[in-house]
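Asks: The structure follows.
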Amino acid sequence: MWLWLPEALLQERDKRAKWHGIPELLQKLHESSHPNSDLSHTHSVLKELSSLLSMEAMSFVTEDRKSAQESTFPNTYTFDLFGGVDLLVEILMRPTLTMQKKKPQMNDDLVKDCLSVLYNCCICTEGVTKSLAARDDFVLFLFTLMTNKKTFLQTATLIEDILGVKKDMIQLEGIPNLSGLVQSFDQQQLANFCRILSVTISEPDVRNDDKHTLLAKNAQQKRNASPSRAEVNQVTLLNIPGFIERLCKLATRKVSEATGASNFLQELEDWYTWLDNALVLDALMQMATEEAEHSSTESSDESSMATSPLRHRLPQSMKIVHEIMYKVEVLYVLCVLLMGRQRNQVHKMLAEFRLIPGLNNLFDKLIWRKYTSSDHVVHGQNENCDCSPEISFKIQFLRLLQSFSDHHENKYLLLNSQELNELSAISLKANIPEVEALVNTDRSLVCDGKKGLLTRLLAVMKREPPDSSFRFWQARAVESFLRGATSYADQMFLLKRGLLEHILFCIIDSGCKSRDVLQSYFDLLGELMKFNIDAFKRFNKYVSTDDKFQTFMTQINSSLVDSNMLVRCIVLSLDRFESQTEDVKVVEVLSECCLLSYMARVENRLSFLFRLVNVINVQTLTQENVSCLNTSLVVLMLARRRGKLPFYLNTLREKEYAEKYPGCLLNNFHNLLRFWQRHYLNKDKDSTCLENSSCIPFDYWKETVSVLLGSDRTSLCAIASYIDEPFMELDRDLLED
């Protein structure tokens, strides 16, 4: 082994290879680190090695983390080549491996330096992180080091790097005394720990969820019927006493309440874990400069520094950005838990610990304290978004609101007492019963102040530039408040605040080109207008010219995948209004509204149906475009109710022949409906969503699909009857894994 090579030979080879004495220093480190050795000498050797490696790590950070190559970081590569990484792991773990009754104690500074060198090796030399991640014993050992406040940050930073590449997700229940460890953390340590937790509770594919085909996802679910490791880890966290309550306190505390006991130098050390991102430094300096221009109407603890010199303002700016970054991690963890299998348990806890009122109190002073520019790219659908702290913070906040409101009765906690009373008054005036969830809302848990969180969100949404990516997340958050069983009072609450006019301005007049933003606005508009005659009247008032209407329809037709939920809303609403001809207002709007008149023409509905079926197939179905299949089904279910299903199917057949590809469309639709049966008949949540959003019983959905898939070629409602024998492909099973 090279450790026993003669010193002279090693020195000679070192000169030629330019190893900078690293192998010789590793020899000394090995010799000085035996059990019962004087570890002070070990530490001095390690410091010498560290100085040779730290400059490479710094250069890696400042060069935007270019891909690590041996030639770029020769010292770190040499250190690993000669066993330096393995030696440091051995030194760190030695106290746990000894059989002696009295365990040897390692100096905290030595431990910190060992961890720092290992981290530098991870970021500079390819393969080091993976080799460490493969050692489960070492990964679990690292968690035990987190009990020591002096080594916490270095340990947390290294663990985060390792877990990011670990093939098998770590099981949190395997960490010794996890509950005691978490309960021992102060609030800043807990926030840092959330960075680690985000890797352990997120499904590996969550960030590309919409892009994975449903066929592949269904096959994967069959293979993995038992709960995933991420789901098990979520349950483990929820079982830690006080965990969610502490996260809620972290998410809602004011900047003035943070780091009260620590001095500025301690805060600087705490920043060690964040400063590998140049965007953080940019945001920090920009904020320190901008604070002087910030309105003096803000609360004293966040604006008193505005008149101070820059050198005095910098620590306060650091405090604000620091707190923002903590909150990003905490909100991400809460958001993932809200979307998990334990959703109802998490909801109950978040309500009890007043997360929503707390965020409402922070909205103007921290969350949306000033305008933050964001380009047209839709940032950050995961915790690793490469954007500034303030952008990440706003996006995580909006994602949390979306998850919190979506199909859950706790959504009314986003309002204050006066706004809840307004909803009740709307229902009373319309002579309709109040929604049960509204009646059951605990008034002690709703927002305080003059405005609730939803109303504040609407205000900033209207001020956002046309192509800002925040518009996408804002629209998603507001839409989630409306999703589920349609509530006339909820719709009117938002209509009275000018939301419909704002959406139409964005779609028609703003020049918005972002497909993501337009899709989110189409979806929101569909939920806002569905079954609401007042909304269609307002629509007609805004879209008052042929030019505006043509622009609107051009936007819809440019991408049906993006706009099909709005098309579904119009078709469903038209069907309901046509059955309410005894209502004078409904008759008036039906006769005057250009949008309803357009959809009332059967040739237009058939045109939408043809394109909806044509734009998808079984192999390309995703969570994002499966709505096109359901919208086409809605059109056919309503036709079936009126005895028009054979006419629609025959028109599709004629269209196929006219387009010179007989059988292609109907064979494709047949396969899509077979997939629909396999997908939805095993998913309770999805079926409930379909029923609530369409007001069509799910049994009628199932029945219509069965009728369409009927094998009797004499049935006028079966697709098979409209495909000529030479073009039949119905026996082919395209749905197999």
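Asks: Might you work out the accessible area of PHE185 for me, using a 1.4 Å probe with all protein chains in place, and round it to the nearest 10 Å²?
Replies: Per-residue accessible area (PHE185): approximately 10 Å².
Asks: Report the Cα-based extents of the stretch 605-713 along its three principal axes, largest first, to the nearest Å.
Replies: 40, 32, 27
Asks: What percent does the relative contact order of the stretch 383-514 come to when contacts are Cα pairs within less than 8 Å and at least six residues apart?
Replies: On the way: 108 pairs, mean separation 43.6, N = 132.
Contact order relative to length: 33 percent.
Asks: Also, I was wondering about something else. Can you give the accessible area per residue of the stretch 406-472, in Å², using a 1.4 Å probe? Before the final figure, lay out each step's value.
Replies: Values: 3150 Å² over 67 residues.
Heavy-atom accessible area per residue stands at 47 Å².
Asks: Take the cross-link list LYS249/LYS319; LYS319/LYS513; LYS365/LYS411; LYS450/LYS513 and give me the ones stretching past 27 Å between alpha-carbons.
Replies: Result: LYS319/LYS513; LYS450/LYS513 exceed 27 Å.
Asks: Based on the Cβ-Cβ distance of ALA485 and GLU603, what FRET efficiency does E = 1/(1 + (r/R0)^6) give at R0 = 22 Å, to the nearest 0.05? Don't jump to the answer; show the numbers that get you there.
Replies: Details: r = 32 Å, r/R0 = 1.47.
According to the calculation, E is roughly 0.10.
Asks: Now a separate question. Taking the Cβ-Cβ separation of THR714 and ASP547 as r and a Förster radius of 35 Å, what is the calculated FRET efficiency to the nearest 0.05?
Replies: Values: r = 50 Å, r/R0 = 1.42.
With a Förster radius of 35 Å, E is 0.10.
Asks: Could you tell me which of the pairs LYS530/LYS585; LYS166/LYS394; LYS254/LYS327 are separated by over 18 angstrom between their Cα atoms in the structure shown? Intermediate results must be reported in sequence, preceding the final value.
Replies: Values: LYS530/LYS585 16 Å; LYS166/LYS394 29 Å; LYS254/LYS327 11 Å.
Cα-Cα > 18 Å for LYS166/LYS394; rest within.
Asks: Would you mind calculating the gained length between LYS222 and LEU428 on full extension (0.36 nm times residue separation, minus the Cα-Cα distance), in nm to one decimal?
Replies: Values: separation 206, 0.36 × 206 = 74.16 nm, distance 4.86 nm.
That works out to 69.3 nm of additional length.
Asks: Counting only protein heavy atoms, what percent of the accessible surface of the stretch 520-633 is carbon or sulfur at a 1.4 Å probe? Before the final figure, lay out the partial values.
Replies: Numbers: 1960 of 4110 Å².
Carbon and sulfur: 48 percent of the exposed surface of the stretch 520-633.
Asks: By per-residue mean of other Cβ atoms within 10 Å, what is the highest-first order of 632-641, 661-670? It would help to have the intermediate numbers written out before the result.
Replies: Values: 632-641: 21.5, 661-670: 19.4.
Listed from highest to lowest mean packing, they are 632-641, 661-670.
Asks: Take the Cα coordinates of the stretch 125-204, assign each an equal point scatterer, and use the Debye formula without solvent to give log10 I(q)/I(0) at q = 0.13, 0.16, 0.20 Å⁻¹.
Replies: So the normalised log intensities work out to -0.36, -0.56, -0.88.
Asks: Restricting to Cα atoms and excluding each atom paired with itself, what does the Kirkwood estimate give for the stretch 485-613 in Å?
Replies: Working: mean 1/r = 0.0672 Å⁻¹.
By the Kirkwood definition, the hydrodynamic radius is 14.9 Å.
Asks: May I pose another question? How many Å² of accessible area per residue for the stretch 616-737, probe 1.4 Å? Kindly include the intermediate steps, with their values, before the conclusion.
Replies: Values: 5620 Å² over 122 residues.
Using a 1.4 Å probe on heavy atoms only, each residue of the stretch 616-737 averages 46 Å².
Asks: Relative contact order (percent) for the stretch 557-666, with alpha-carbon contacts under 8 angstrom and 6 or more residues of separation? All intermediate terms of the calculation are to be shown ahead of the outcome.
Replies: On the way: 76 pairs, mean separation 30.9, N = 110.
The value is 28 percent.
Asks: Treat the stretch 402-443 as a sphere of radius equal to its Kirkwood radius over Cα pairs and apply Stokes-Einstein at 4 °C in a medium of 1.567 mPa s; give the translational diffusion coefficient in µm²/s, rounded to a whole number. Before the final figure, lay out each step's value.
Replies: Details: Rh = 10.8 Å.
Taking Rh from Cα pairs, D becomes 120 µm²/s.
The values are calculated or read from the model by the stated rules, or taken from the named source; none is laboratory data. The structure presented is a predicted model; accordingly, all values stated were derived computationally and were not measured. Note that each Cβ is placed from the backbone with ideal geometry, even for glycine, and that neighbours are counted across all protein chains shown. Each accessible area value is taken on the protein alone, full model and side chains, heavy atoms only, with ligands, DNA and RNA left out. Shrake-Rupley method; radii C 1.70, N 1.55, O 1.52, S 1.80 Å.
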